[in-house]
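Novice: Supplied in structure tokens, the structure appears directly below.
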Amino acid sequence: MSGVYLHIPFCRQACTYCDFHFSTAKDHAGVLDAMELEMIKRSRELGDGRVATIYFGGGTPSLLEPGRIASFIQQARDLFRVERDAEVTLEANPDDITADRLSEWKSAGITRISLGTQSFRDDRLRWMGRAHDARQALTSIDLIAKAGFTTWTIDLIYGLPEMTLAEWDEQLTIALDHGMPHLSAYCLTVEEKTALAHQVKKGGVHMPGDEDQSVQFDRLMARMEEAGLEHYEISNFGRPGHHSRHNKSYWEGIPYLGIGPSAHSFDGRSRRWNIANNAVYIKAVKEGTSYWEEETLSPAQRTNERLMTGLRTAAGVDLTRLEVDALGLNSSAFQRHVSNGHISVVDGRLVLSKAGRHFADRIASDLFVTDDDR
Ligand code: SF4
């Protein structure tokens, strides 16, 4: 079983914090044609060709004509054995949502909408450089809820400069009042070479301290638990039956094929990442020359990836599937995190406690192994 990811590298405008690959060019045809060609050329890479999830990410896939989305889905169905109940997600921004578009996406085979809400406040949205306003965010949610999708999700960002706990609480209340079945909540991080990084460097923006962000994360966990949404991954909360199957497959090490500029692929042993340059990508796909880099993972690297992704999930890391005994090799780090109450082993799985969820990545890296350790 596998997943297919399509990276649509276009956005209406650049959000200040974003380091994904995208362009604001208006002409999309060259890249999209090359992506269709890439999918044909690489269709054999997915073993038995069974596909359980398709994910349109970006960038802003909702910028495309719905007909183009439909033709990608049809092409995937022609090339792979796409399951009848496959999860087909479209990332969409509120400024692209209309009742007609939702209906067209649904007819095309989209089963799940991931809405880039980010905030319900105009001042925050303007500060982030988003192309939508708060009214559009709320209207979009209502339209999606009425459009009859199997499921949908929204994104929110916390840890913003000068964000108070009351402001974050209000954001969560608005989201819950609109009946979302799933929420992805991300703490704002300053990525290199973004407009935000420049503003921070120049002293125009002061990021909040770890303590403020940590208190907001605690409130997020408490509010979602109270509302009955399961905290199944550090940044993801869903009602039963509404967890993202596509993202879950990344965390479980299931193979996926990434199509488009900057898209990543994984076949179970090696990772591949396409060039993050639209013009070079188009030319190379057409001419049949290389447009990617590839790395075959060693047993230690595969073990570390499992620790890094698995520890972020509520299900934890299945210790019987680790190729290298990370806990044996790093027993002092393991004991330290057990004694401070951050991790435990339950039924053969390494899991984080609620307190440990604040430090998931740090704990995982403390347990990392090298091939020399073995
Ligand atoms: S819309 Fe999404 S991908 Fe595009 S710039 Fe904003 S955050 Fe980045």
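The values are calculated or read from the model by the stated rules, or taken from the named source; none is laboratory data. Fair warning: this is a prediction, and the values are worked out from it, not measured in the lab. A quick note on method: Cβ atoms are made from the backbone with ideal geometry, for glycine too, and the neighbour counts reach across all protein chains shown.
Novice: Please find, among D142, D122, D169, the residue that is in the same structural domain as E65 (by TED's automatic domain parsing), surrounded by fewer than 17 Cβ atoms within 10 Å (Cβ to Cβ), out of contact with any strand residue (DSSP E or B) (no Cβ under 6 Å at 6 or more places or on another chain) and without any contact (Cβ under 8 Å) to a residue 24 or more places away in the chain.
Specialist: After ruling out the rest, the residue left standing is D122.
Novice: Tell me, yes or no, whether segment 41-51 has at least one residue that is in a strand (DSSP E or B) and more than 14 Å from the ligand (Cβ to nearest atom).
Specialist: Yes: one or more hits.
Novice: Looking at segment 204-222, is at least one residue surrounded by fewer than 15 Cβ atoms within 10 Å (Cβ to Cβ) and either under 24 Å from L90 (Cα atoms) or not assigned by TED's automatic domain parsing to the domain that holds P9 (or both)?
Specialist: The answer is no, given that none of the residues of segment 204-222 is surrounded by fewer than 15 Cβ atoms within 10 Å (Cβ to Cβ) and either under 24 Å from L90 (Cα atoms) or not assigned by TED's automatic domain parsing to the domain that holds P9 (or both).
Novice: Another question, then. Return the total of residues in segment 1-26 being free of Cβ contacts under 8 Å to residues at least 12 places away in the same chain and within 8 Å of the ligand (Cβ to nearest atom).
Specialist: Residues flagged as free of Cβ contacts under 8 Å to residues at least 12 places away in the same chain and within 8 Å of the ligand (Cβ to nearest atom) within segment 1-26 amount to 0.
Novice: Inspect all residues belonging to segment 145-156 and state whether any of them is within 16 Å of the ligand (Cβ to nearest atom) and out of contact with any strand residue (DSSP E or B) (no Cβ under 6 Å at 6 or more places or on another chain). Step through it out loud before you land on a result.
Specialist: The first filter runs over segment 145-156 and keeps only residues within 16 Å of the ligand (Cβ to nearest atom), leaving 153-156.
Add one more test, that the residue is out of contact with any strand residue (DSSP E or B) (no Cβ under 6 Å at 6 or more places or on another chain), and what stays is none.
The answer is no, given that none of the residues of segment 145-156 is within 16 Å of the ligand (Cβ to nearest atom) and out of contact with any strand residue (DSSP E or B) (no Cβ under 6 Å at 6 or more places or on another chain).
Novice: Also: Among what's in segment 27-38 and is among the aliphatic types (A, V, I, L, M) and over 12 Å from P261 (Cα atoms), pick the residue that is nearest to the ligand (Cβ to nearest atom).
Specialist: Filtering segment 27-38 for residues that are among the aliphatic types (A, V, I, L, M) and over 12 Å from P261 (Cα atoms), the one nearest to the ligand (Cβ to nearest atom) comes out as A29.
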